[in-house]
Amino acid sequence: MTLTDIGQIKSLFNKYGFSFTKSLGQNFLINPTVCPRIAEKSGITPDSGVIEIGTGIGVLTCELAKRAKKVVALEIDRTLQPILKETLAEYDNVEVIFADVMQTDLKQLIADKFSGMETSVCANLPYYITSPVIMKLLEERLPIRSVTVMVQLEAAQRICAVPGTRNSSALTIAVNYYSSPKKLFNVSPGSFIPAPKVESAVIRLEPHETPLYDVDDEKLFFSCVRQAFSQRRKQLINPVAGYFGINKETLSDMMSENGLKPTARAEELTMDNFVTLYRIIERLKK
Ligand code: SAM
C-alpha cells in the first residue's frame, strides 16, 4: 500500500469511515519524499528505539520502522486504530499506544520499552501543541539522543534563532538551554492533506548530555526569561524590575557592573547574558 497516494488514502478513509479532526492538528503527509527524508535526517540506526508522536495513518511510522529496531508511537485519535492495524500490519517492530502525549509518562515509557537502546523522538507534530510538546521532551531531561520534528516554519525560525538576535524569543532561550537546535529543511503546504495555510519545516534538537549552564534555580531563570520577553521590543529592565520588586536604579547599576547594557531588550541577550541577568536577580531579590 502507498500511504502517500491520495486515491489509496481516500479509499482507506471510506472503508473505515474516517474523517479529519481539525482540532487535533491532523495534516497528513502525502509528499512521498518527505517521510524518508525526515527518517534519514533523524539519525536513527537499526539499533535505535524511536518514539513517534501522532501516527496519522502511519506514513512516517513505516519509514521509521524500516530503519529502527523498535518504534513506539503515541496517537490520541482512536478512530485511526483500524486503519493503522491495516497499514502497519507488515511491521512487527511497531507498537501504537492510543494516548495523549501530554499525559504520558515518557521517562517510564522509555524505561519500559527501550531498555538498553539509544532512543530518539521523530514526528510530524500536531501544530496546536508544538511548544508544550517540545518543552515536555526537554524539561523532563529524558534520556534521548535527538528530537527530529516537523513544525510550522514560523515556530522553526523562533526555535532555531540565535539567542541575542532579532528573531529570538523566550522559546529560543528555553530550547537552547536544554539542547542544540538546527533547522533542516522546509516543507510546502501542498505536501499535506488537508494542506495547512502556512509553510512547515523540519528541525532537529540534540539535548545536551550535561547541562551547559550553571543555574541552580531553573524556575527563577525561566521566570527572568519570560519577564524579559514580556515586552520584547522594549527595554527589559522595566518588566523585570517590576515583576521581581527590585529598585530599577539598583538593577541598572548591577547590569552595568556585570557587563549588561541597562537599556538592552531581551532579544539582544545571549544565553550567557541571560545567566548573568538571572544571577543578578537571584542576588537582588533576596
Ligand atoms: N505522522 C502523521 C503524518 O505525518 O501524516 C500524522 C501527523 S499529524 C500533523 C499529527 C497527528 O498527531 C495526528 O494524527 C493527531 O491525531 C495526533 N495528535 C494530536 N494531538 C495529539 C496528542 N495530544 N497526543 C498524541 N497524538 C496527537
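Where a number appears in this text, it was derived from the coordinates with a stated rule and is not lab data. Bear in mind the structure is a predicted one, so any value in this text is a computation, not a measurement. As a convention, Cβ positions derive from the backbone with ideal geometry for all residues, glycine included, and neighbour counts pool all protein chains shown.
Find the centroid of the Cα atoms in the range 37-104 and in the range 258-273, then give the distance between the two in whole Å.
Cα centres, the range 37-104 to the range 258-273: 42 Å.
Could you work out how far helix 130-139 tilts from the main Cα principal axis of the chain, as a 0 to 90 degree angle to the nearest 10?
The two axes meet at around 70 degrees.
For the range 6-207, which semi-axes, largest first and in whole Å, follow from the square roots of 5 times the eigenvalues of its Cα gyration tensor?
Here the semi-axes work out to 26, 21, 15 Å.
Within the chain, what percent of beta bridges assigned by DSSP are antiparallel, to the nearest 5?
Bridges in the chain that DSSP calls antiparallel: roughly 50 percent.
Please find, in a Gaussian network model of the chain (springs between Cα atoms separated by less than 10 Å), the residue of LEU171, LEU251, LEU80 whose mean-square fluctuation is greatest.
Of LEU171, LEU251, LEU80, the most mobile in the Gaussian network model is LEU251.
Quick one: what does P(r) look like for the range 133-196 with 5 Å bins over all Cα pairs, in whole %?
Percent of pairs per bin, in order: 3, 16, 26, 22, 16, 10, 6, 0.
Taking H as built 1.01 Å from N, whose amide H comes closer than 5 Å to the amide H of THR270, not counting residues under 5 places away?
Hits under the 5 Å cutoff: none.
Run the reach check for LYS197 against lysines, Cα to Cα strictly under 23 Å, same-chain hits fewer than 8 apart removed. What comes back?
Qualifying lysines at Cα under 23 Å: LYS10, LYS22, LYS183.
Shape verdict for the range 218-285, please, from the Cα gyration tensor: rounded (a/c under 1.5), prolate (a/b greater than b/c) or oblate.
rounded
Check which residues have an amide H placed less than 5 Å from THR119's amide H, if you skip close sequence neighbours.
Residues meeting the criterion, in which the H sits 1.01 Å from N, are GLY49, ARG145.
In deg cm²/dmol, rounded to 500, what helix-only [θ] at 222 nm does the chain give when every DSSP H run of at least 4 residues adds -39500 (n - 2.57) and the total is split over its residues?
-11500 deg cm²/dmol
Please state the charge dipole magnitude for the chain, taken about the Cα centre, from unit charges on C-beta atoms (+1 on K and R, -1 on D and E), reported in debye and rounded to the nearest 20.
Dipole magnitude for the chain comes out near 760 debye.
What does the net charge come to around ASN31 if you take all other residues with beta carbon closer than 12 Å to its beta carbon, with K and R at +1 and D and E at -1?
So the surrounding residues net to 0.
Determine the sum of side-chain charges near ALA228: Lys and Arg each +1, Asp and Glu each -1, restricted to other residues whose C-beta is under 11 angstrom from that of ALA228.
With Lys, Arg at +1 and Asp, Glu at -1, the net is +2.
THR210 versus THR270, label points 7 Å from Cα toward the beta carbon: distance in nm?
Reported label-point gap for THR210 and THR270 is 2.2 nm.
Give the lysines reachable from LYS113 as a straight Cα distance under 25 Å; neighbours fewer than 8 places away on the same chain don't count.
Straight-line reach from LYS113, under 25 Å: LYS41, LYS66, LYS69, LYS70, LYS85, LYS136.
Given the options LYS15, LYS85, LYS183, state which has the largest fluctuation in a GNM of the chain using a 10 Å cut-off (strictly under) for Cα springs.
Sorting by GNM fluctuation, first place goes to LYS15.
Specify the inter-centroid distance of the range 192-207 and the range 112-156, based on alpha-carbon positions, in whole Å.
For the range 192-207 versus the range 112-156, the Cα centre distance is 13 Å.
Grab the other residues whose beta carbon is less than 12 angstrom from that of THR165, score K and R as +1, D and E as -1, and report the net.
+1
Modelled label-to-label distance, GLN103 and GLU199, 7 Å Cα→beta-carbon offset: nm?
3.7 nm
Looking only at THR87, THR55, THR148, which one moves most when the chain is put into a Gaussian network model with springs between Cα atoms under 10 Å?
THR87
So who's got an amide H within less than 5 Å of the one on ARG265, skipping anything under 5 residues away but keeping other chains? H placed 1.01 Å off N, in plane.
Counting only residues 5 or more places away or on other chains, the set is LEU236.
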